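Below: one structure, written as C-alpha cells.
The values are calculated or read from the model by the stated rules, or taken from the named source; none is laboratory data. Since we're looking at a predicted model, the values are computed, not measured. Heads up, the Cβs are rebuilt from the backbone with ideal geometry, glycines too, and the neighbour counts pull from every protein chain shown.
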Amino acid sequence: MSRLSARDVTAIVHRAQEGDREAAAQLLPLVYDELRELAKARMARLPPGQTLQPTALVHEAYLRMLGKEDLKLDSRRHFFFVAARAMRDILVEQARRKAGPKRGGTRQRVELKDDLAAQEPSHEDVLAVNEALSELEKEDPVKAQIVNLRFFAGMSIEETAQVLGISERTLHRHWRFLKAWLKSRMGQPSGQE
C-alpha cells in the first residue's frame, strides 16, 4: 500500500460506496499490494498442486466485495476484515470441492500444530477450522476475526494486532486461548457439541 493513513483510505472507501467512480478506481491500487501479500502468504501455506493463485484469490475476493450491494465499510480495518472473510469463503469453497465425494473426500480428525498460521493445512483442515470459526463468530466476533486474519488471511501476530488495534501482548494471549479452543473443537467427533 502506498502508506496512506487509515483515515485517507477510509475516506476513499466512503466516497467509493457513495458512487464516486474516481474513488472506486483509486481504491484497488491502494490496497492491491497489501491484499496480494495476504493472499500470497495464505496460498504459500496450502498443499502443493493448488489451481488457485494469489492474484486470482485477490481478484475474486475484491470482486465479491464489490458485488455486495449492502456492503458498508467503516474503515480501512473493516475493509481488511471483509477482504479476509472473502478469502476465507473462497478457500473454503475450493476445499469443499476438492474434498467432495468425487475426490474421495471423507471427514478426518485433524491435528493442529503449535503455530496454526504457519502450518500447511489440508482441505480437511480448512473445512474443520471454518466450521469451528462459524461457531466462534456467534460467541465472540473479535476472537473469530483473529482466527480469520491469522489462518485465512495469513497475517502475522504483528499485522493482526495492528489491524485490530490491540497490543501484540493482548493478541498473543488471545491466540494462545484460540489455539486451545480450536484444538478442542476440532478434536471432537462430528455431531457432538
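Scan region 169-180 for residues that are aromatic (Phe, Trp, Tyr) and surrounded by fewer than 18 Cβ atoms within 10 Å (Cβ to Cβ) and report the count.
The qualifying residues number 1.
Looking at region 128-144, can you tell me whether even one residue there is modelled with pLDDT of 85 or more and among the β-branched types (Val, Ile, Thr)? Yes, there is a match, as at least one residue in region 128-144 is modelled with pLDDT of 85 or more and among the β-branched types (Val, Ile, Thr).
When ASP89 is tested against (1) over 18 Å from ALA16 (Cβ atoms); (2) at pLDDT 85 or above; (3) crowded, with 17+ Cβ neighbours inside 10 Å, just one condition goes unmet, and that condition is (3). Taking the numbered list (1) surrounded by fewer than 17 Cβ atoms within 10 Å (Cβ to Cβ); (2) modelled with pLDDT of 70 or more in turn, LEU57 passes all entries but (1).
Checked against (1) touching a Lys or Arg at 6+ places or on another chain (Cβ under 9 Å); (2) at pLDDT 75 or above, LEU112 meets all criteria but (2). Based on what the data block shows, is SER122 over 22 Å from ALA44 (Cβ atoms) and either at pLDDT below 90 or not β-branched (Val, Ile, Thr) (or both)? Against the criterion (over 22 Å from ALA44 (Cβ atoms) and either at pLDDT below 90 or not β-branched (Val, Ile, Thr) (or both)), SER122 does not qualify. Pairs are defined by a Cβ separation below 8 Å, a sequence spacing of at least 6 or placement on different chains, a first member in region 158-172 that is in a helix (DSSP H, G or I), and a second member that is surrounded by 11 or more Cβ atoms within 10 Å (Cβ to Cβ) and among the basic types (Lys, Arg); the pairs so defined are THR160/ARG150; VAL163/ARG77; LEU164/ARG77.
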